[in-house]
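Beneath this line is the structure, given in C-alpha cells, with notes to follow.
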Amino acid sequence: MIQVRELANYTGDIARSLGIKKYDIYGSSIDSTNVQVDRGEPKQVKASNRSSVIVRVWNENDTVGVTSTTDVDPNGIKLALKTACEASFFGVKENIPDFSPEATNPLPEVQYNKTSQIPVSELIDKLLNAEKELLETHPAIESVPYNSLSQQDIDRFYLNSEGALREEGRTYAMVYLYTKTEEAEKKPRSGGSFRMSQGMEALAIADCVKEASEKTISHLNYQKVPSGKYRVVFSAEAFLSLLGAFSNMVNAQNILDKQSLCTPESLGEAIASPLLSLCDDALHKDNVAAETFDGEGTPTRRIPLITEGILTGFLHSAGTAKQMNATPTGHANLGAKITVSPHFYHVFQGQSPEQEYKLEEAENTILIDELNALHAGVNSLQGSFSLPFDGWLMNKGDRVSIDAGTVAGDIREVLKSIIYVEKEPELTPSGVCPRIWVDGLSITGEN
C-alpha cells in the first residue's frame, strides 16, 4: 500500500528541486482475485496487483503535461515529474485543465470497514459448491458456462501542490452465475444472476443461486410473440443499461464535444415523464464501491439529473464546470484527457402516479429482464436503439418466456412514454432502480 503522506512530502521536495511549482498526482492500487469453474473443476484463476499513477505538471506558461507511471518511489516520481514538465510545453493552449476548486474541501463522511481477502482455495470451493447447487435445481440445467467469484481491494489517493491530500480504501466481492439448458427438441435457454457486497462473508451466494435457477426454469417453456406495439415493463437492470447507453445526455464533456443528444441549453427542459426522477449518487447506501472523491480530488455527492421529468443537472469535471459556469460534481477520471463518467444511478418516483399498475394484473404486457448487444444496437448520437432481449409475456399472473424478441425505439420517446415507476427498488451493478412501465414500444418477434 502506498504511504500517501510520505509520497506527498518527497514529491514536494523533488518538485522544488526541479523548479516545478504546480503539479498534482492521482493514483490507485487494485489487488484482485477472480476464479471460474467448469463442471466441478477449477477453470481459471486470476490474481493481479495493478497500480496506476497519473502525474500532471504545469509550467510557467500555465500549459500542462501529463504522464503515467507505476513507480512511486523518489526516483520514479522524479522521472515522472521531469517527463510531465517536458510534455507541458506541448500542452493544449485552449481550455487548459486546472486544479478542481474543491480539491481541498472536506470529504463526505462515510462509514466503511475494509474486509480481509480469503485464500484462493476457499474462493474455488465456494464457487464449486454454488455451481453444484445450481445444476441440481433442475435436470434441464446442463451447465453454468459463465461464472465468476471475485474479490478486490482498492486503495486510491489524490494530492496536489496546493496542499490537497485525499486517500481511501475499499474492498468488495462479487459472484456471477449464468446457466445454459439442454432439452430434446428445444432451444438452449439461459438465466443469470449476480450479487455484490463489501466482503466475501456478506456475499449472498445462495440468493444468487436461487435467482439464477428461478430465471432459467421460467424460460424453459417458451413461445413466439407476434410483432407489434406493446406495453413494456423494464427490469431495473434493463432500464439502467438503456440509460447507460445514452449517458451522453447528462455528460458535460460529451455535450461540449457535441457528442450528445443534449446541449447546454437543454437544462430546464422536460425530457421525460414527470413520473421519473434520476440522480447520480456515489454515496448511496447500497453502493458497495462508493468513492468519496474523483480523479481531480473533487468530493462526490448526490447529483440530481432529472427531477420529475425535467433535466436539472449534468455530470462535470473541473474543466467542463468552468466552461459551462457550473460546479464540479465529482465525476472526473484523470488521464491524458480528462473524461467524465457516472458513479451509481438512483432512479425513483417523481410525481405521484394517477394510476398504479401491478405485474400480476397486466395483460399482453412484456417484461424485459435483460437487454443484449448494447454495443451494436444503440446509436447514441441519434437516440435510436434496436436490441434483442430476454423476457416474458405477462397475462394476469401467467408468465411465458419469449422465444426471441427485439425491442426498438428512441430513448427520448421512451422517457416521455413512461406511465408508471414502481416504488420498490432493485439493486444492479450500475445503480438502484424500480421496474419502469413504458407504453407503445415496438417489439419484433421471431417469425
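A single member of 277, 260 is surrounded by fewer than 23 Cβ atoms within 10 Å (Cβ to Cβ), touching a Pro at 6+ places or on another chain (Cβ under 9 Å), at pLDDT 95 or above and not in a helix (DSSP H, G or I), and it is 277.
Going by what's in this entry, would residue 173 be described as more than 18 Å from residue 196 (Cα to Cα) and at pLDDT 95 or above? Taking the combined requirement at face value, the residue does not satisfy it. In the condition set (1) open to solvent by 50 Å² or more (accessible area, probe 1.4 Å); (2) assigned to a strand (DSSP E or B); (3) at pLDDT 95 or above, residue 23 is compliant with all but (1).
If you check 126, 132 for being part of a helix (DSSP H, G or I), open to solvent by 40 Å² or more (accessible area, probe 1.4 Å) and either touching a Lys or Arg at 6+ places or on another chain (Cβ under 7 Å) or closer than 14 Å to residue 203 by Cβ (or both), only one passes: 126.
The sole residue among 53, 35 that is in contact (Cβ under 8 Å) with a residue 24 or more places away in the chain, touching a Leu at 6+ places or on another chain (Cβ under 6 Å) and either open to solvent by less than 40 Å² (accessible area, probe 1.4 Å) or farther than 18 Å from residue 297 by Cβ (or both) is 35. Out of the range 347-371, which residues are open to solvent by less than 60 Å² (accessible area, probe 1.4 Å), of a type in the set (A, V, I, L, M, F, W, C) and either assigned to a strand (DSSP E or B) or in the same structural domain as residue 257 (by TED's automatic domain parsing) (or both)? 347, 366, 367, 368, 371 - these are the residues of the range 347-371 that are open to solvent by less than 60 Å² (accessible area, probe 1.4 Å), of a type in the set (A, V, I, L, M, F, W, C) and either assigned to a strand (DSSP E or B) or in the same structural domain as residue 257 (by TED's automatic domain parsing) (or both). Looking across the range 379-408, the residues that are surrounded by 18 or more Cβ atoms within 10 Å (Cβ to Cβ) and hydrophobic (A, V, I, L, M, F, W, C) come down to 385, 387, 389, 392, 393, 394, 402, 407. Can you tell me which residue is surrounded by the most Cβ atoms within 10 Å (Cβ to Cβ) among those in the range 213-230 that are over 29 Å from residue 409 (Cα atoms) and under 27 Å from the mean Cα position of the chain (by Cα)? Looking at residues that are over 29 Å from residue 409 (Cα atoms) and under 27 Å from the mean Cα position of the chain (by Cα), I get 213. The residues listed here are 374, 381, 311; of these, the one that is out of contact with any strand residue (DSSP E or B) (no Cβ under 6 Å at 6 or more places or on another chain), aliphatic (A, V, I, L, M), in the same structural domain as residue 255 (by TED's automatic domain parsing) and more than 28 Å from residue 53 (Cα to Cα) is 311.
Suppose the filter is touching a residue at least 60 places away in the same chain (Cβ under 8 Å), part of a loop (DSSP other than H, G, I, E, B) and open to solvent by 10 Å² or more (accessible area, probe 1.4 Å); does residue 376 pass it? For residue 376, the condition - touching a residue at least 60 places away in the same chain (Cβ under 8 Å), part of a loop (DSSP other than H, G, I, E, B) and open to solvent by 10 Å² or more (accessible area, probe 1.4 Å) - is not met. Here 83, 104 are screened, and the one residue that is closer than 22 Å to residue 155 by Cβ, among the β-branched types (Val, Ile, Thr) and at pLDDT 95 or above is 104.
Under the condition of being in a helix (DSSP H, G or I) and open to solvent by 70 Å² or more (accessible area, probe 1.4 Å), which residue from the range 409-428 is farthest from residue 377 (Cα to Cα)? Result: 416. When 170, 156, 166 are screened for being out of contact with any Asp or Glu (no Cβ under 8 Å at 6 or more places or on another chain), within 30 Å of residue 10 (Cβ to Cβ) and in a strand (DSSP E or B), only 166 passes. It is to be established whether one or more residues within the range 288-300 are in contact (Cβ under 8 Å) with a residue 24 or more places away in the chain and within 30 Å of residue 392 (Cβ to Cβ). Yes, the range 288-300 contains at least one residue that is in contact (Cβ under 8 Å) with a residue 24 or more places away in the chain and within 30 Å of residue 392 (Cβ to Cβ). If the condition is being open to solvent by 50 Å² or more (accessible area, probe 1.4 Å) and under 23 Å from residue 107 (Cα atoms), then the range 302-325 contributes 302, 304, 322, 325. If you go through the range 173-197 and keep only what is surrounded by fewer than 17 Cβ atoms within 10 Å (Cβ to Cβ) and either within 19 Å of the chain's Cα centre (by Cα) or in a strand (DSSP E or B) (or both), you end up with just 180.
The values are calculated or read from the model by the stated rules, or taken from the named source; none is laboratory data. Worth saying up front: this structure is predicted, and the values here are computed from it rather than measured. Cβ sites come from the backbone with ideal geometry, for glycine too, and all protein chains shown count toward neighbours. Keep in mind that these areas ignore ligands, DNA and RNA; they rest on the heavy atoms of the full protein, side chains included. Shrake-Rupley method; radii C 1.70, N 1.55, O 1.52, S 1.80 Å.
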